[in-house]
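These notes concern the structure reproduced below.
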Amino acid sequence: MSVDLPDRPTPSSTARLVRRELHSSRAAASVLTAAVLIVGCLVLLFEAVLQAVGDEPFLLDLDAAAAWLGALPAGVPASLLGAGSVLLLVVGLLLVLLAVLPGRRARYAIPDGRAAVVVDAEVVASSLARRARIAAGVGAEQVLVTVGRTSVRVQVRPTSGIPVDADAVRAAVADDLHRSGVTPEPRIAVVVTDSGVIGQ
């Protein structure tokens, strides 16, 4: 995919567009977290108003809830308390990771003077599989390329009796990556399986 830039794009504008396409948005997680907190605060406010005017609690008795929290861990089974603690720890850790980690998508940027060009990892994998297949001299179904965020894994199933030069496959894949100019350039791992394919 490509995003058209103005007639005179600046490096900063290009970098912003590329970063937006390479990284996933945290909007959904932020909205969900905010919605849960808002609902919780509204429930507490509603219960506080009901208590202030002398009505019965609707969902939660604030005095009973405060007394229960103050008495913890008394009255609560250790297994339930441990499970709740682990759940809170996991949720908190997940929120921290969402806030800190970059959240990269399976995409790569290709330098271009007129546009911010971003390609999906599947497109890169298809191109690399073609080059690896030609370098190995095997059929298309004998090559499997997996493209990750920082690495490329090429698995080749050779034709029985015909050896495959792993170094030649690695060089071809590296050349294809270099020509396309994808950034960041991933590491390359070539694996030639022990079992061959008959009649390919």
Along region 162-179, Karplus-curve 3J(HN,Hα) (6.51, -1.76, 1.60; θ = phi - 60°) to the nearest Hz, with x for Gly and Pro, reads 10, x, 10, 7, 5, 5, 5, 5, 4, 5, 5, 5, 5, 5, 5, 5, 5, 5
Could you list which residues have their amide H under 5 Å from that of Ile188, counting only those 5 or more apart in sequence or on another chain, with H placed in the peptide plane?
Val152
For Glu47, Glu56, Glu185, the accessible-area ranking with a 1.4 Å probe, largest leading, is Glu56, Glu185, Glu47
For region 57-104, what log10 I(q)/I(0) values come out of the Debye formula at q = 0.18, 0.27, 0.29, 0.32 1/Å, with one point per alpha carbon and no solvent?
-0.75, -0.95, -0.99, -1.04
For Leu144, what charge total do you get from the other residues with a beta carbon under 11 Å from its beta carbon, if Lys and Arg give +1 and Asp and Glu give -1?
+2
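Find, to one decimal place in angstroms, the Kirkwood hydrodynamic radius of region 22-84, where the mean of 1/r is taken over every pair of different Cα atoms and then inverted.
14.6 Å
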Just going by the charge dipole of region 125-200, with Lys and Arg at +1 and Asp and Glu at -1 on Cβ, which of Ala172, Ser151, Ala135 is farthest out on the positive end?
Ser151
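The values are calculated or read from the model by the stated rules, or taken from the named source; none is laboratory data. All of these numbers come straight from a predicted model, not from anything done at the bench. In this analysis, Cβ positions are derived from the backbone assuming ideal geometry, glycine residues included, and neighbour counts consider all displayed protein chains. What goes into the accessible areas is simple: the full protein's heavy atoms, side chains included, and nothing from ligands, DNA or RNA. Shrake-Rupley method; radii C 1.70, N 1.55, O 1.52, S 1.80 Å.
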